[in-house]
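Only the coordinates and a few stated rules stand behind these numbers; no lab work does. All of these numbers come straight from a predicted model, not from anything done at the bench. Because the Cβ atoms are built from the backbone with ideal geometry, glycine has one as well, and the counts that use them run over all protein chains shown.
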């Protein structure tokens, strides 16, 4: 960035800080904000592409298919937490405190060992419990199998992000994020062009995107593996990671358990509509906040005096008005892109608003699969004779 632009950015930030907090901005904070702007601009571009991919997939699949896809991805996120969630954050903390690159690679080596062992363990448990998951989650067995496979590839992608964050290799982090969004969008476009854009082909597109994006950190992994088995960091990773694992599960539950419950109670179409509303409002805002937290987490790990925490606590006071403003501005436009009906009281349906998918979803656990009707027609009333009997010959004339 040219020096004149850098100076203008610093002066603007300093002025805004003084205007909001009535005191001069700390030099260290200004310096990091400048560096964050480079990372942040790249991440905003990534999130825009990612949001575009989400909206496009939602339009292609429709509410019911998008709801099923949402449930699979949310479950994959849950199941991946024991594989990489807490342990990856603990590794980020350890690596951020190390100054020697070889020490960071040794910590990564230990993380890979922990993740590999837990990957085998988690997959084994899911395979054993797969028939129970069909009952608990109201999914068919094939979708449960695809969820398990999605879990593995999702964990691979999350691991790549955590490695890039721990090494503060922000270009690699941007590459991992961008490869996922762009490759997903490209593959789904190809599926639409070939008239193959169903639920399972789109899930395959997610597989390909996760696999390709995870390769962005393959160089770090290869260098760590060449060190041989390093066990010195396994104990601190497990010690710190256990608490972070529980925190991650609680956070993820509050963030997405609602859609799992809605799928079981109301069916996939309602989940698809809910997810579209969620992504159009809080989903976009949370993605922007995640950019800030991703950059700040390694700084927190090295912060012995607590200065960073105090600065961020002051800045966090602005998140609520920003959240409301962005949701109002962006939400309606995003729902227009989805081409889904906008619902203020989301699941209070007007009379006559039930769709054919609603009927089929309602009958899924009440009729055998072959008895579920392929065609559903809606009428205000059946044609009847004066005695109240249905006139079947008139229904035949109507093609029913």
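Things worth noting here:
- Computed E for residue 99/residue 257 - FRET, C-beta separation, R0 56 angstrom, nearest 0.05: 0.90
- Pairwise centroid distance, computed over Cα atoms, of the stretch 156-176 with the stretch 239-265, Å: 23
- On the beta carbon distance between residue 218 and residue 339, with R0 = 35 Å, the FRET formula returns roughly 0.40.
- Which of 377, 195 has the fewest Cβ neighbours within 10 Å, and the rest in rising order: 195, 377
- Counting neighbouring Cβ atoms within 10 Å and putting the fewest first, the residues 47, 235 line up as 235, 47.
- Residue ranges 212-221, 72-81 sort as 72-81, 212-221 when ordered by packing (mean number of other C-beta atoms within 10 Å per residue, highest first).
- Using a cutoff of 8 angstrom between alpha carbon atoms and counting only pairs six or more residues apart, the relative contact order for the stretch 64-130 works out to 36 percent.
- Sorted by Cβ density within 10 Å, fewest first, the residues 256, 110: 256, 110
- The ellipsoid equivalent to the alpha-carbon distribution of the stretch 69-179 has semi-axes of 30, 15, 9 angstrom, derived from the gyration tensor eigenvalues as √(5λ) and listed largest first.
- Calculated FRET efficiency for the pair residue 22/residue 129, C-beta based, R₀ 51 Å, to 0.05: 0.35
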